[in-house]
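See structure below.
The values are calculated or read from the model by the stated rules, or taken from the named source; none is laboratory data. Fair warning: this is a prediction, and the values are worked out from it, not measured in the lab. Here the Cβ positions follow ideal geometry from the backbone for every residue, glycine too, while neighbour counts run over all protein chains shown. For the accessible areas, the whole protein counts, side chains as well, though only heavy atoms, and no ligand, DNA or RNA atoms are used. Shrake-Rupley method; radii C 1.70, N 1.55, O 1.52, S 1.80 Å.
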Amino acid sequence: TFDENCVVVKEVVQLLHGYRLKYTSKHQFLGDFFERLLNTGIKQEAGQFFTPIPIARFICKSIPIGKIIEEKNENRAHDFIPYIIDYASGSGHFLTEMMSELQGYITKIDSNWIKGGKRARDFFEEIKSNYTWAKTFIYGIEKDYRLSKTSKVNCFLKGDGDANIF
């Protein structure tokens, strides 16, 4: 299947080379495209199964992100955005759902609300836009090399290319 996959990848790249794939906001069609490739590729070939997106989304929405941010801010933490780590990132669904959740909170934060002083406000202003905060706060670990690349691509297509995937 390697030679067949090379032909398919080449054709997909040729189809998409004229389009911009990284945007300042989330575009569902890119995620859907990626999921279709994932469903017919890695899952069938390796017999691996991943947490469905609706379940990952439900779990991520159940985490009290707002409360965590408020408590860290009350304690004058410089890095009041919570760190996120997935120890078996697979295709990256938990990471991308948490990125989406965090971005929702981050866009609502006004710099004057931050209690950690000028250093914390400056840091926040520097990282708040376009998911650049993910480089500091998002981590994924995956033992399967192919899946680690899958997580990285998934994060890239759903908002950020700088999440830390190992």
Item to complete: Could you grab the pairs with beta carbons closer than 7 Å, sequence gap of 6+ or different chains, first residue in the stretch 82-103 and farther than 17 Å from Glu142 by Cα, second one modelled with pLDDT under 90 and open to solvent by 30 Å² or more (accessible area, probe 1.4 Å)?
Response: Ser100/Lys26
Item to complete: Would you point out the residue of the stretch 50-66, among those that are surrounded by fewer than 13 Cβ atoms within 10 Å (Cβ to Cβ) and of a type in the set (Gly, Ala, Ser), that is farthest from Thr96 (Cα to Cα)?
Response: Gly66
Worksheet entry | Residues located in the stretch 147-166, provided they are out of contact with any Gly (no Cβ under 9 Å at 6 or more places or on another chain) and either open to solvent by 50 Å² or more (accessible area, probe 1.4 Å) or at pLDDT 85 or above (or both) | Lys149, Phe156, Asp162
Response to the item:
When Leu37 is run through (1) within 30 Å of Asp122 (Cα to Cα); (2) at pLDDT below 95; (3) not small (Gly, Ala, Ser), the failure sits at (1)
Worksheet item: Among the residues of the stretch 112-166, which ones are touching a residue at least 40 places away in the same chain (Cβ under 8 Å), assigned to a loop (DSSP other than H, G, I, E, B) and closer than 14 Å to Glu97 by Cα?
Response: Lys158, Gly159, Asp160, Ala163
Item to complete: Test Asn130 against the stated conditions and say whether it is of a type outside the set (Lys, Arg) and modelled with pLDDT under 90.
Response: yes
Worksheet, complete the sentence: Expected single match for surrounded by fewer than 19 Cβ atoms within 10 Å (Cβ to Cβ) and not aliphatic (A, V, I, L, M) among Asp86, Asp79 is Asp79
